[in-house]
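The values are calculated or read from the model by the stated rules, or taken from the named source; none is laboratory data. Note that the structure is a prediction, hence the values are computed from the model and not measured. Please note: Cβ atoms are built from the backbone with ideal geometry, for glycine as well, and neighbour counts cover all protein chains shown.
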Amino acid sequence: MLKSYLALLALLFLLVVWAEAKKPNVVLILSDDMGYSDLPKFGKSEIPTPNIDRLAKEGTLFTDAYVTAPICVASRMGLLTGQFQQRFGIYDNIYGEGKTRLFLNQTLLPAVFQDVGYRTAHVGKWHLAGNGLKQYEGGTPRDRGFDESVGIRGGHANFWKGTSVFRNGKEFPAPEYLTDFWGTEACAFIDRSHANPFFLYLAYNAVHSPMHALDADRARFSMVKDENRRTYDGMLLAMDRSIGRVLDRLDKYGITDNTIVVFLNDNGGGGSTDLYAGHSRNYANNKPLSGHKFDVLEGGVRVPMIIRWPKLAPAGKAYGEMVSSTDVYPTLVAAAGLQMPKGQPADGVDLLPFINGKNSSKPHDWLCWQNRSWLPRKKGGFGVPTPKVHNSAIRKGNWKLVRLSEKIGSDIPPPAWHLYDLKKDIGERQDVSKEHGDIVRELAAHFDKWRSAMHPTVE
């Protein structure tokens, strides 16, 4: 009897171990300020990106993916909370203790995985809950669900060997070109963690300014006449190489089939204009989209996005319905068989039933955006936010309603809405609001309803 009992316990133990081993790993990769058309899979590009192309070939590519904001901090908050960040008062990149406190009340995606025993790591750019080197109490990666962290705290950094980075709060000089270093650190984490479920957030600061590329990478693009664009190409080439090292590491340990890889960009490319006194100008290519980073036009909020998971994400599929970066949170939580945090509203949905054909409806009927504008200083320096100027937009189906530079005040009439048919005019160049007044009124009313449910701007 005792032997049978012990045998049963042993069997149950093995089943538990087997079940634990079957939990999928997660690698969430975020690029920074990349142009929508700078990947061959999304546009015409001179930059070879074989590793990102591999993800698209082996996974599902989303042609109509959007982030929640056209700017770094707000977009990252939307991604890591699964919510419109306007729910807790975030409309821009500006830091303040008040708005940071509201953000700190949210359960971030890695914390959900950490709570059930996943090993979690942040590698690369953080840019949350602080300004540059300063971090508000409770706002570091290790406070927000990561067991370990190595990266930069602010929004951008020198890419060269020797630049200051932080490992679990301790500063040290990067031993190699920063984009390569993030790949080295990501691979080292996989080396340490591959035997157990892990969650890796790999947030590159490439291809954000400053424009720093290795000479060998720039030399690959001698055919490109514009020197600045040549540097950009070299930076993106390095990021793709770094991603390739991570994918190869998954292959090495035989865990590719049991690892969900998500790739997306934080917002639109910075472009080559001087609208923002040079800040974030990186010579990215958003064509044929209009606008760029900071805009709620397509070039500011539509981004490349890919999900690779051999078990449930169809390989080589291009999914054309509208999806959001808020969908990443519930998709990964559901894929791992976990539960969403109680009391935290989810604006995203689990995308897997939609892309594998189990749900034939659309993930979203509409998406809304509102951010505070950034205006240039007259004499150089960074763009400065103007608290009483907003950019607003809503997309429903193929219709996109946009209102730019809205000055808020009781005696200031808002500018007119502009309406675009994205099916016919992806570049948002032909305003058809006068021809479709009924659609303008419908979408404007829906936007106002959404906006009234959000938190006021927090200073």
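Descriptive notes on the structure:
- Checking every residue in the stretch 30-45 against the condition of being surrounded by fewer than 21 Cβ atoms within 10 Å (Cβ to Cβ), in a loop (DSSP other than H, G, I, E, B) and modelled with pLDDT of 95 or more gives zero matches.
- Taken together, the residues in the stretch 242-282 that are modelled with pLDDT under 95 and of a type in the set (Ser, Thr, Tyr) amount to 4.
- Some residue of the stretch 335-342 being under 19 Å from the mean Cα position of the chain (by Cα) and not small (Gly, Ala, Ser): no
- Looking only at residues of the stretch 387-428 that are surrounded by fewer than 15 Cβ atoms within 10 Å (Cβ to Cβ) and at pLDDT 95 or above, we find that the one that is farthest from Val67 (Cα to Cα) is Lys424.
- Residue check for Lys378: charged (D, E, K, R), outside any helix (DSSP H, G or I) and either modelled with pLDDT under 95 or in contact with a strand residue (DSSP E or B) (Cβ under 8 Å, 6 or more places away or on another chain) (or both): yes
- Selection status of Ala334, free of Cβ contacts under 8 Å to residues at least 60 places away in the same chain and of a type in the set (A, V, I, L, M, F, W, C): yes
- For the stretch 107-216, no strands (runs of 3 or more DSSP E) sit wholly inside it while including 2 or more residues that are at pLDDT below 95, farther than 26 Å from Lys23 by Cβ and touching a helix residue (DSSP H, G or I) at 6+ places or on another chain (Cβ under 8 Å).
- Among the residues of the stretch 50-67, just one is among the polar types (S, T, N, Q) and crowded, with 23+ Cβ neighbours inside 10 Å, namely Thr60.
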